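A quick write-up on the structure given underneath.
The values are calculated or read from the model by the stated rules, or taken from the named source; none is laboratory data. Keep in mind that this is a model prediction, so the values were computed, not measured. Positions of Cβ are generated from backbone atoms using ideal geometry, with glycine treated the same way; all protein chains shown enter the neighbour counts.
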Amino acid sequence: MRAEEVEVRNPSGIHARPAALFVKTAARFVSTISLENVTKGKAPANAKSIMAVMGSGAARGHIVRLTADGPDEDQAITVLHDLITGGLGETLEG
Amino acid sequence: MTRPVRLTGVAGAPGIAIGPVWRFDASNAVPQADASRQVPGQRPADAIEAAAAETARQLDALAGRLRDLGREEESAIFEAQSMMALDPGLVEEAIGRAGESGDPVDAVQAATAAAAELLAALDDETLAARAADVRDVGARICRVLRGEDLALPAVPSIAVCDDLPPSVTAEIPPGFLLGIALSGGSRTAHAVILARSLGIPAIVGIDGLIAAVDRRSGPSTSPVTIAMDGERGEVVVDPGSRVTMEYRGREADLTARRATAAGLRDRPAATADGERIHLVANIGTPDDAQRALAAGAEGVGLFRTEFLFMSRQTPPTETEQVDAYRRVLEAFGPERPVVIRLADIGGDKAIPYLRLAPEQNPFLGVRAIRLAYADSDLLLTQLRAIWRAGAAARVVPHVMAPMVATVADVELLVSLRDRARDTLVSKGLPVAERMVTGIMVEVPSAAFLAPELARRVDFFSIGTNDLTQYVLAADRGNAALAGLQDALHPAVLRAIAGIVAGADSAGIPVAVCGELAGDPAGALVLTGLGVDELSADAGSLDGVRAALARVTRAQLDALARAALDAFDAETVREMAAALLAPAR
């Protein structure tokens, strides 16, 4: 199992469009993956469920913890971590 | 041959349309020709999984069609909805609720409603808005389960209904929607915003529309034809050849006016003899900034901030507000000032975290700046966010407080502004070099006190909507008082003349940010009265710019003098219209 924390940096947080991109990417891996909004103290959410990911309410500036467990866990964490730091398809300001 | 029936509503989006009616109502579903998806005796779990998969397929197809049309933003919404339909948690929840023999439709409805409520409860406006998307997905899955399809228009048509949800408008192929006529809705309804972006007319709140249309349609008759003028808010049922001719004439006129107006966009607004008028936009969210810039706005005269405070369970944080203000300040830059209006909230709006006591008469109650006497936290947080946003965007922010009634109100505003700055400075945080500070003049007492107030602030902005309601003591929402709700009433104009005189005595500028500023006739009267800046919805700027370009200062002065001596709004409106009428 691998876990890593990362700050959400894109302006609108992980809402509809960024959430869709995140979930689609997570679904490519066989590992069980979760996303936990540490800032809000929410329970870990299934990273392959758009409803669960949106429900974590991750906004810009929040810290989220990614956890992956399975054969491709290392790759999953690396890819998803980069996706979030890269702004989830949105332009980063400043 | 039946006689034409003329009906009026509230103008939503300009444009002329003539065409057959497409009646839509919430139960506007017809059984599918091919209802084979419904397998008798199918287990609820299998039925739900199959329906969810089919819904996702339909949504993907819709997203693909929109993407091909270059409508990327809308396409992304349907793509996300498709993933919601297949969401493992949601589908499992519905299957769990249905059990072995439950009704799959009830189960899907309950599961999606519960999921939507969870999102709506989050203190994040963007996410809360997604709750509607989830409910929409639920409704789609249920339609598939029942073996129904939406009945879409088969020929280019005018939609006639109470309200038109976004998922339905998106299903209608481009070119098949000629206009939108609603018996309900408001000027800010989703359908109206869509109509503006599609360039088709929309009218809302048309009394008697549905009855008039339904009375004339029967199963065997051909669809009713209607004509609509989105600018005047007029609908004619069964127009006949004479009205059709009249509407075609208006259409040609509108096309010509639009071409002229668009040609003026890259030039600053000015009268025919070259006097500059500052023409700026009203915006309601940071997303409106681009539309305002595209319409040639020279800045923002009213950035409403209520969107940050509504539909949520906790107040917006300082950082969240800094982000929102900064986005707008950066979009307009140092050359185009942005006036941020401090939150105009009070007892008429449900804001759970403020725990406001219900009031008999909220428009005369504890609202806006008046809230700060008891608890100034909300206002201080907003002012700190504006100081910080100005520093981040490297511009001088402008703020104005609504509902100011007394000198004490202004003194409170100025002291809170300075306190907010001091707090940030003591923490070592960067702040804007200064904050241009103004007040809305919309309460009669502020109009009477204009000279005293003007000496204490940097600018005035007249809110003509509320000023009219307070001066004429006529509730804005009471349809029975329509005759007393026109801001061109000479009583209101005399109040404005007094406000301008007060501002002049202190040498500060006066803006108008009410509806009147976006009405070409109103814009001329206001400019005649000596107003320096007009702030209106982006869609109104072209019309105002074109009107100003056709008149001289001398004509405007004469118009203002005559308007002040009139006895009613209709006379003033006719005098302004005469100035704008094409010379023959």
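Can you give me the number of residues within segment A:22-41 that are facing chain B (nearest Cβ under 10 Å) and surrounded by 18 or more Cβ atoms within 10 Å (Cβ to Cβ)? If you could, list the steps in order and put the result at the bottom.
Taking segment A:22-41 first, the residues facing chain B (nearest Cβ under 10 Å) are A:23-24, A:27, A:40.
Applying the additional criterion that residues be surrounded by 18 or more Cβ atoms within 10 Å (Cβ to Cβ) yields A:23.
So the count comes out to 1.
Out of segment B:128-160, which residues are in contact with a Ser or Thr (Cβ under 7 Å, 6 or more places away or on another chain) and within 14 Å of another protein chain (Cβ to nearest Cβ)?
Going through segment B:128-160, the residues in contact with a Ser or Thr (Cβ under 7 Å, 6 or more places away or on another chain) turn out to be B:128, B:134-138, B:140-141, B:144.
B:A128, B:V134, B:R135, B:D136, B:V137, B:G138, B:I141 - these are the residues of segment B:128-160 that are in contact with a Ser or Thr (Cβ under 7 Å, 6 or more places away or on another chain) and within 14 Å of another protein chain (Cβ to nearest Cβ).
Could you tell me which residue of segment B:173-203 is modelled with the lowest pLDDT, considering only residues that are surrounded by fewer than 19 Cβ atoms within 10 Å (Cβ to Cβ), assigned to a loop (DSSP other than H, G, I, E, B) and not hydroxyl-bearing (S, T, Y)?
Only one residue tops the list, namely B:R187.
Among (1) under 22 Å from B:I496 (Cβ atoms); (2) at pLDDT 95 or above, which single condition is B:D422 missing?
Just one mismatch for B:D422, condition (1).
When residues of segment B:421-446 are filtered for being surrounded by 14 or more Cβ atoms within 10 Å (Cβ to Cβ), over 26 Å from the mean Cα position of the chain (by Cα) and within 21 Å of B:R326 (Cβ to Cβ), how many remain?
7
Looking at (1) surrounded by fewer than 19 Cβ atoms within 10 Å (Cβ to Cβ); (2) out of contact with any strand residue (DSSP E or B) (no Cβ under 8 Å at 6 or more places or on another chain), which is the one condition that is false for B:P509?
Only one criterion is unmet by B:P509, namely (2).
Can you name every residue in segment B:223-244 that is touching a residue at least 12 places away in the same chain (Cβ under 8 Å), surrounded by fewer than 24 Cβ atoms within 10 Å (Cβ to Cβ) and among the small types (G, A, S)?
Within segment B:223-244, B:G233, B:G240 meet the criteria.
Among (1) surrounded by fewer than 18 Cβ atoms within 10 Å (Cβ to Cβ); (2) within 14 Å of chain B (Cβ to nearest Cβ); (3) in contact with a helix residue (DSSP H, G or I) (Cβ under 6 Å, 6 or more places away or on another chain), there is one condition A:A45 misses while meeting the rest; what is its number?
Only one criterion is unmet by A:A45, namely (1).
State yes or no: is B:A487 at pLDDT below 95, in contact with a Leu (Cβ under 8 Å, 6 or more places away or on another chain), within 17 Å of B:G522 (Cβ to Cβ) and among the small types (G, A, S)?
Working: at pLDDT below 95: yes; in contact with a Leu (Cβ under 8 Å, 6 or more places away or on another chain): yes; within 17 Å of B:G522 (Cβ to Cβ): yes; among the small types (G, A, S): yes.
Answer is yes for this residue.
Given the residues B:R561, B:R545, B:R553, which is the only one that is surrounded by fewer than 16 Cβ atoms within 10 Å (Cβ to Cβ) and either touching a residue at least 40 places away in the same chain (Cβ under 8 Å) or closer than 14 Å to B:T464 by Cβ (or both)?
Values: B:R561 fails: either touching a residue at least 40 places away in the same chain (Cβ under 8 Å) or closer than 14 Å to B:T464 by Cβ (or both); B:R545 fails: surrounded by fewer than 16 Cβ atoms within 10 Å (Cβ to Cβ).
None of the other options fit; the residue is B:R553.
For B:L449, indicate whether it is closer than 12 Å to B:T406 by Cα, crowded, with 17+ Cβ neighbours inside 10 Å and touching a Phe, Trp or Tyr at 6+ places or on another chain (Cβ under 8 Å). First the steps, then the outcome.
Values: closer than 12 Å to B:T406 by Cα: yes; crowded, with 17+ Cβ neighbours inside 10 Å: yes; touching a Phe, Trp or Tyr at 6+ places or on another chain (Cβ under 8 Å): no.
The answer is no for B:L449.
From B:L371, B:L356, B:L378, grab the single residue that is in contact with a Phe, Trp or Tyr (Cβ under 9 Å, 6 or more places away or on another chain) and of a type in the set (A, V, I, L, M). Walk me through how you get there before you give the answer.
Values: B:L371 fails: in contact with a Phe, Trp or Tyr (Cβ under 9 Å, 6 or more places away or on another chain); B:L356 fails: in contact with a Phe, Trp or Tyr (Cβ under 9 Å, 6 or more places away or on another chain).
It is B:L378.
Suppose the filter is modelled with pLDDT of 95 or more, in contact with a Lys or Arg (Cβ under 6 Å, 6 or more places away or on another chain), within 30 Å of B:R494 (Cβ to Cβ) and not acidic (D, E); does B:M400 pass it? If you could, list the steps in order and put the result at the bottom.
Values: modelled with pLDDT of 95 or more: yes; in contact with a Lys or Arg (Cβ under 6 Å, 6 or more places away or on another chain): yes; within 30 Å of B:R494 (Cβ to Cβ): yes; not acidic (D, E): yes.
Considered against the rule, which asks whether it is modelled with pLDDT of 95 or more, in contact with a Lys or Arg (Cβ under 6 Å, 6 or more places away or on another chain), within 30 Å of B:R494 (Cβ to Cβ) and not acidic (D, E), B:M400 comes out as yes.
For segment A:31-41, check the following and say yes or no: at least one residue is in contact with a helix residue (DSSP H, G or I) (Cβ under 8 Å, 6 or more places away or on another chain) and at pLDDT below 90.
Taking segment A:31-41 first, the residues in contact with a helix residue (DSSP H, G or I) (Cβ under 8 Å, 6 or more places away or on another chain) are A:31, A:33, A:35.
Checking which are at pLDDT below 90 leaves us with none.
Looking for residues that are in contact with a helix residue (DSSP H, G or I) (Cβ under 8 Å, 6 or more places away or on another chain) and at pLDDT below 90, one finds none in segment A:31-41, hence no.
Output yes when any residue across segment B:308-318 is modelled with pLDDT under 90 and among the basic types (K, R), and no when none is.
Looking for residues that are modelled with pLDDT under 90 and among the basic types (K, R), one finds at least one in segment B:308-318, hence yes.
Consider B:E93 carefully, then state whether it is in contact with a helix residue (DSSP H, G or I) (Cβ under 7 Å, 6 or more places away or on another chain), charged (D, E, K, R) and at pLDDT 80 or above. Step through it out loud before you land on a result.
Details: in contact with a helix residue (DSSP H, G or I) (Cβ under 7 Å, 6 or more places away or on another chain): yes; charged (D, E, K, R): yes; at pLDDT 80 or above: yes.
Taking the combined requirement at face value, the residue satisfies it.
Determine which member of the set B:T221, B:T260 is outside any strand (DSSP E or B), modelled with pLDDT under 85, touching a helix residue (DSSP H, G or I) at 6+ places or on another chain (Cβ under 8 Å) and among the hydroxyl-bearing types (S, T, Y). Break it down into steps so the answer makes sense when it comes.
On the way: B:T221 fails: touching a helix residue (DSSP H, G or I) at 6+ places or on another chain (Cβ under 8 Å).
Result of the check over B:T221, B:T260: B:T260.
A:A68 passes all but one of (1) aliphatic (A, V, I, L, M); (2) touching a residue at least 40 places away in the same chain (Cβ under 8 Å); (3) within 14 Å of another protein chain (Cβ to nearest Cβ); (4) touching a strand residue (DSSP E or B) at 6+ places or on another chain (Cβ under 7 Å); which number fails?
(3)
Please go through segment B:331-363 and pick out each residue that is exposed (fewer than 14 other Cβ atoms within 10 Å of the Cβ) and at pLDDT 90 or above.
Those that are exposed (fewer than 14 other Cβ atoms within 10 Å of the Cβ) and at pLDDT 90 or above: B:P334, B:E335.
If I filter segment B:532-539 for residues that are of a type in the set (D, E, K, R), modelled with pLDDT under 95 and farther than 21 Å from B:L579 by Cβ, do I get at least one hit?
Looking through segment B:532-539, at least one residue is of a type in the set (D, E, K, R), modelled with pLDDT under 95 and farther than 21 Å from B:L579 by Cβ.
Restrict the check to segment B:110-119 and report whether at least one residue is of a type in the set (D, E, K, R), at pLDDT below 90 and closer than 26 Å to A:A47 by Cβ.
To start, the set of residues in segment B:110-119 that are of a type in the set (D, E, K, R) comprises B:117.
Narrowing further to those that are at pLDDT below 90: B:117.
Pick out the ones that are also closer than 26 Å to A:A47 by Cβ and you get B:117.
Within segment B:110-119, one or more residues are of a type in the set (D, E, K, R), at pLDDT below 90 and closer than 26 Å to A:A47 by Cβ.
I'd like the full set of residues that are more than 12 Å from every other protein chain (Cβ to nearest Cβ), of a type in the set (K, R) and not in a loop (DSSP other than H, G, I, E, B), limited to segment B:308-344.
Matches in segment B:308-344: B:R341 only.
Just for segment B:91-124: of the residues that are within 30 Å of B:I351 (Cβ to Cβ) and assigned to a loop (DSSP other than H, G, I, E, B), which one is farthest from the other protein chains (Cβ to nearest Cβ)?
Step by step, filter segment B:91-124, then rank; the result is B:A121.
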